[in-house]
Amino acid sequence: MLVTFTVSAPERTEIENDRKPNLLIVTFDRSMAPLANVGKEVTGGIGISPALAGTWRWTSDTILSFQPRDDWPIGALYTVTFDRSALAREVRLAEYRFTFETPAFVATLANAEFFQDPVDPASKKAVISLNFSHPVSTAELEKRIELRLTGQSAGMLGVGKQTTKFTISYDKLKLNAYIHSAALPIPKEDTVLTVTVDKGVVAARGGKASDQVLTRAVSVPGLYSLRVSRVGPTVVSNAANEQEQVLVVDVSAAVHEKEMHRRISAWVLPIQHPQSPREPLQKRYDWRDPREITDAILAQSTRLTLEPIAAERESVETHSFKHRADVGRYVYVRLDRGLRSFGGYMLGERVHALVQVPPFPPELKILGQGSLLAVSGERKIAILVRDLPGVRIEIGRVLPSQLQHLVSQSAGDFAHPQFGDRFGSDNLVERFERKVPLSNLPHGRPYYHALDLSDYLPPTASNAAASSSSPCSDTIPHRTFRPTASLPTDGSCS
């Protein structure tokens with residue numbers, strides 16, 4: 001029976017990780033090594049052409065490997081031949097030679113983008129990254145790089161050709177190159193810088209050169225390229241846990257906060273359209289199209305004060321403004337033509353937007369961790385309420401005769417008791433309910449209600465224990481907490 005084998009050609013040596021050259025591995029489908037040679041160096045019977053210094057070794061009776069003395073030549077084709085003297089006598093190979101190729105040199109244009117220096121507004125350039133499989137020949141690379149802006153002359157027969165100058169730097173191993181174009185002026189219209197790396201780039205150790213042309217187009221923004229991507233309302237909580245109305249504006253390039261504040265205006269529109277018929281039961285007008293907003297309508301609108309919220313930097317892409325407007329009202333926002341970014345780009349046309357003031361999100365939760373109530377002192381639970389018309393609180397008082405069952409029939413902890421399938425809170429408690437109307441709370445402001453459990457405890461606290469309380473409003477689905485001799489960790493309704 002003839003023996004076959006498979007060949008695993010070596011992969012690129014990871015010199016950046018200080019690795020040794022990878023092995024050439026030949027795997028036979030049955031035992032081929034003379035038993036006395038397993039684990040030992042092979043001194044004869046195997047040839048490699050072109051000649052390459054290194055060591056053959058039987059790593060097992062079926063695996064033969066070759067470790068080169070130096071790194072593998074780049075993109076080289078080798079032929080390996082076997083003599084029968086190197087193999088076990090009783091077996092025969094289907095083939096006594098094979099060829100393999102070492103890793104070729106590969107150049108990749110990894111990234112190319114336009115860069116605006118965040119500190120120097122005049123510094124605008126293209127930044128290009130090149131990656132190489134092996135250390136590159138810098139001289140051969142640099143004479144094959146070309147940067148050209150759209151509109152630069154192609155010349156005639158190589159004469160009069162215009163290109164954009166650049167500088168180039170490398171990492172320590174020359175596996176990566178970084179190209180920086182010269183400073184780019186702001187064109188009147190958007191344009192393109194084309195990056196080209198011609199074929200013929202070669203590794204510093206020689207070998208076959210690259211046979212592909214690398215190219216990438218970099219968009220260079222024009223003078224009037226500043227864009228407004230979003231104008232939207234939101235509600236956020238400040239450091240005092242108070243909710244505030246905020247208008248958020250996103251732009252395509254960093255704009256100074258003073259410039260943005262100077263160019264933005266907002267008005268709260270009338271509830272009714274001035275030209276609509278006046279009817280007592282008429283619904284509020286649904287402002288949807290900014291083109292409806294005329295100077296006459298703005299004259300009947302209320303100017304909205306926008307207070308800038310300071311960002312980490314003076315020039316940013318996202319700007320936020322605090323304001324106060326009635327929930328549900330429509331706000332017309334205008335950004336004037338000429339809004340200028342940090343880098344000198346401008347808003348070419350006036351931007352209009354209509355937004356509706358969102359409601360404040362309601363909030364309801366019990367504050368603090370669950371615990372046993374003390375025999376003496378205050379027995380109050382703090383409840384946080386925000387933007388709700390009222391709270392309905394349910395209290396379950398553990399019956400004195402059921403205290404032993406609370407201990408024996410429950411698991412978990414005081415804040416989160418757990419009961420079996422046939423036993424629950426209804427077997428332990430008597431229930432009370434309290435309603436707290438909160439109709440005049442200011443929007444967005446937190447209200448803290450102190451629930452005094454003393455009203456539900458007998459004079460001697462040892463005779464009974466207070467269970468958890470569940471605050472719920474008529475606008476939030478009811479949730480009942482399982483009773484326990486503790487206060488719950490989180491009493492929020494959901």
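The values are calculated or read from the model by the stated rules, or taken from the named source; none is laboratory data. From a predicted model like this one, the values you see are computed outputs, not experimental measurements. Because the Cβ atoms are built from the backbone with ideal geometry, glycine has one as well, and the counts that use them run over all protein chains shown.
Here A86 does not fit the description of being surrounded by fewer than 18 Cβ atoms within 10 Å (Cβ to Cβ), hydrophobic (A, V, I, L, M, F, W, C) and either at pLDDT below 95 or out of contact with any helix residue (DSSP H, G or I) (no Cβ under 8 Å at 6 or more places or on another chain) (or both).
Evaluating E257 against the criteria (1) surrounded by 14 or more Cβ atoms within 10 Å (Cβ to Cβ); (2) free of Cβ contacts under 8 Å to residues at least 60 places away in the same chain; (3) touching an Asp or Glu at 6+ places or on another chain (Cβ under 7 Å) leaves one unmet condition, (2).
Only a single item in (1) on the phi < 0 side of the Ramachandran plot; (2) touching a Lys or Arg at 6+ places or on another chain (Cβ under 9 Å) is not met by G155, and it is number (1). Beta carbons closer than 7 Å, at least 6 apart along the sequence or on distinct chains, pair a first residue in the stretch 132-153 that is farther than 19 Å from A182 by Cα with a second that is assigned to a strand (DSSP E or B) and not polar (S, T, N, Q) for F132/A107; H134/A203; P135/A203; V136/A177; V136/A203; S137/A203; T138/Y170.
A Cβ distance below 8 Å, combined with a sequence gap of six or more or placement on separate chains, defines the contacts here; from the stretch 166-190, residues that are within 30 Å of N17 (Cα to Cα) and part of a strand (DSSP E or B) reach residues that are of a type in the set (K, R) and at pLDDT 95 or above in the pairs H180/K125. Listed by position, the strands (runs of 3 or more DSSP E) inside the stretch 58-156 whose residues that are small (G, A, S), more than 40 Å from the chain's Cα centre (by Cα) and in the same structural domain as S8 (by TED's automatic domain parsing) number at least 3 form an empty set. Checked against (1) in contact (Cβ under 8 Å) with a residue 60 or more places away in the chain; (2) in a strand (DSSP E or B); (3) farther than 30 Å from S181 by Cβ, S219 meets all criteria but (3).
Within the stretch 55-70, the residues that satisfy the criterion of being within 30 Å of F132 (Cα to Cα) and surrounded by fewer than 17 Cβ atoms within 10 Å (Cβ to Cβ) are T55, Q67, R69, D70. Of everything in the stretch 202-216 that is outside any loop (DSSP other than H, G, I, E, B) and surrounded by fewer than 19 Cβ atoms within 10 Å (Cβ to Cβ), the residue that is farthest from the chain's Cα centre (by Cα) is T215.
Does G344 satisfy the criteria of being within 30 Å of L453 (Cβ to Cβ), in contact (Cβ under 8 Å) with a residue 40 or more places away in the chain, assigned to a loop (DSSP other than H, G, I, E, B) and of a type in the set (G, A, S)? Here the answer is no, as G344 does not meet what is asked.
Could you go through the stretch 225-245 and let me know if any residue there is of a type in the set (K, R), at pLDDT below 95, surrounded by fewer than 17 Cβ atoms within 10 Å (Cβ to Cβ) and in a loop (DSSP other than H, G, I, E, B).
No, that holds for no residue.
Once the stretch 394-417 is narrowed to residues that are without any contact (Cβ under 8 Å) to a residue 40 or more places away in the chain and either assigned to a strand (DSSP E or B) or under 22 Å from I381 (Cβ atoms) (or both), the residue that is nearest to the chain's Cα centre (by Cα) is G412. Number of residues in the stretch 392-451 that are under 28 Å from A240 (Cβ atoms), of a type in the set (G, A, S) and modelled with pLDDT under 85: the value is 3. For G420, state whether it is at positive phi and exposed (fewer than 12 other Cβ atoms within 10 Å of the Cβ). Judged against the criteria, G420 is not a match.
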